[in-house]
1. Give just the number: which of (1) at pLDDT 85 or above; (2) open to solvent by 50 Å² or more (accessible area, probe 1.4 Å) does Thr136 not satisfy?
2. Would you point out which residue out of Leu27, Leu105, Leu39, Leu45 is modelled with pLDDT under 75, closer than 30 Å to Ile263 by Cβ, assigned to a helix (DSSP H, G or I) and not charged (D, E, K, R)?
3. Looking only at the range 161-179, which residues are small (Gly, Ala, Ser) and either within 20 Å of Gly233 (Cβ to Cβ) or loosely packed, with under 14 Cβ neighbours inside 10 Å (or both)?
4. For Ile110, only one of the following conditions fails: (1) modelled with pLDDT under 80; (2) of a type in the set (A, V, I, L, M, F, W, C); (3) surrounded by 19 or more Cβ atoms within 10 Å (Cβ to Cβ). What is its number?
5. Mind checking whether some residue in the range 180-189 is loosely packed, with under 14 Cβ neighbours inside 10 Å and more than 27 Å from the chain's Cα centre (by Cα)?
6. Which pairs turn up if I take residues in the range 179-206 that are over 13 Å from Val284 (Cβ atoms) and look for partners that are surrounded by 13 or more Cβ atoms within 10 Å (Cβ to Cβ) and of a type in the set (Gly, Ala, Ser) with beta carbon separation below 7 Å, at least 6 apart in sequence or on another chain?
7. Any residue in the range 273-286 that's at pLDDT 90 or above: show its pairings with residues that are among the polar types (S, T, N, Q) and exposed (fewer than 15 other Cβ atoms within 10 Å of the Cβ) at Cβ separation under 7 Å, as long as the two are six or more apart or on different chains.
8. Go through the range 251-291 and give me each residue that's assigned to a loop (DSSP other than H, G, I, E, B) and exposed (fewer than 14 other Cβ atoms within 10 Å of the Cβ).
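The values are calculated or read from the model by the stated rules, or taken from the named source; none is laboratory data. Predicted, not measured: the structure shown is a model, and the values here were computed from it. Note that we place each Cβ from the backbone using ideal geometry, even for glycine, and neighbour counts take in every protein chain shown. We work out accessible area using only protein heavy atoms, side chains counted, and drop any ligands, DNA or RNA first. Shrake-Rupley method; radii C 1.70, N 1.55, O 1.52, S 1.80 Å.
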Amino acid sequence: MSLAFDANRWLPASLLPRGDGRDWALLFVVAALSFLAGLAAVGALAGERAAAGWRTELVGSATLVVHAQGTDSADEEAARAAEAVSGVKGVAEARALDAAKANALIAPWIGANALPADLPTPRLVAIDLDRKAPATGADLKRALTAAGIDADVDDHSHWAAQIMRAGVAIESAGAGLFLLILAVLGAVVAFSTRQGLAARRDVVEALHLAGATDGYIARLFQARFARSAAQAGLAGALLAVLVAVIVKLSSAGDEQFTALLPISWRDLAAPAPFPILAALVAAVTARLTAMTVLAERP
């Protein structure tokens with residue numbers, strides 16, 4: 001009887017049958033990881049866009065808090081302040097807000113009509129800055145001092161810096177979560193490979209007797225897990241896209257939610273690379289694990 005090895009007789013299904021119940025657990029885990037990775041990618045892109053938009057708005061604007069003094073009323077003092085800063089280089093427009101508008105801005109924190117009508121509340125001046133060469137807070141303060149106006153200048157630089165840090169934190173968290181998911185995928189595939197080799201030790205021994213090398217057996221696991229990871233990863237990525245579409249459409253009329261998480265249609269392509277990455281990670285992990293386990297055979 002000849003023991004010559006015929007590669008055509010040994011297909012992946014012989015060593016790793018498709019009906020194995022363990023495959024369903026692996027497919028579920030990979031699909032779930034792909035789903036989470038897809039949502040994380042979409043959320044990170046939308047969050048970074050929101051932070052960039054908020055920072056742009058803050059950098060392009062400033063606010064004056066004008067304190068009435070002398071014989072001028074608060075509204076007159078605010079009008080003088082707006083006129084004083086309008087001529088500053090880097091200021092596009094300055095608008096004095098009347099009492100009703102100023103109270104409307106603080107109403108969300110203290111409630112509507114919470115302030116007495118005779119309370120001398122400061123007036124606000126909203127300033128739109130030149131986005132290419134904006135005026136600085138020091139420039140505005142000098143103009144106000146020259147005009148003899150008592151006002152506090154808020155150039156929003158503090159808030160802009162905080163939002164920039166928040167944007168960096170969102171990007172870092174997204175990248176970290178993505179790497180963690182890939183690491184978990186690798187660990188799951190490594191465990192499944194070891195279990196598969198242990199469960200089919202007799203088949204592995206028969207393959208060795210027939211002349212199969214460790215590299216050939218490792219390639220069987222490599223191909224099988226790469227294919228399974230790609231299929232499950234695609235299912236998870238498509239589910240993530242579907243959820244993102246539902247969130248985008250359901251929040252279309254909610255301006256506050258859209259401002260917090262402005263998902264664009266281009267973001268829906270973010271989960272696309274994960275099935276390929278999942279297949280690559282699964283293939284490399286399965287091959288390295290199989291070669292290590294086979295090398296440990298007595």
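1. Of everything listed in (1) at pLDDT 85 or above; (2) open to solvent by 50 Å² or more (accessible area, probe 1.4 Å), Thr136 misses just condition (1).
2. One residue alone meets the criteria, Leu105.
3. Result: Ala161, Ala169, Ser172, Gly174, Ala175, Gly176.
4. Answer for Ile110: the failing condition is (3).
5. no
6. The qualifying pairs are Ile181/Ala37; Leu197/Ala290.
7. That search, which allows pairs on different chains as well, returns nothing.
8. Answer for the range 251-291, where residues must be assigned to a loop (DSSP other than H, G, I, E, B) and exposed (fewer than 14 other Cβ atoms within 10 Å of the Cβ): Ala252, Gly253, Asp254, Ser264.
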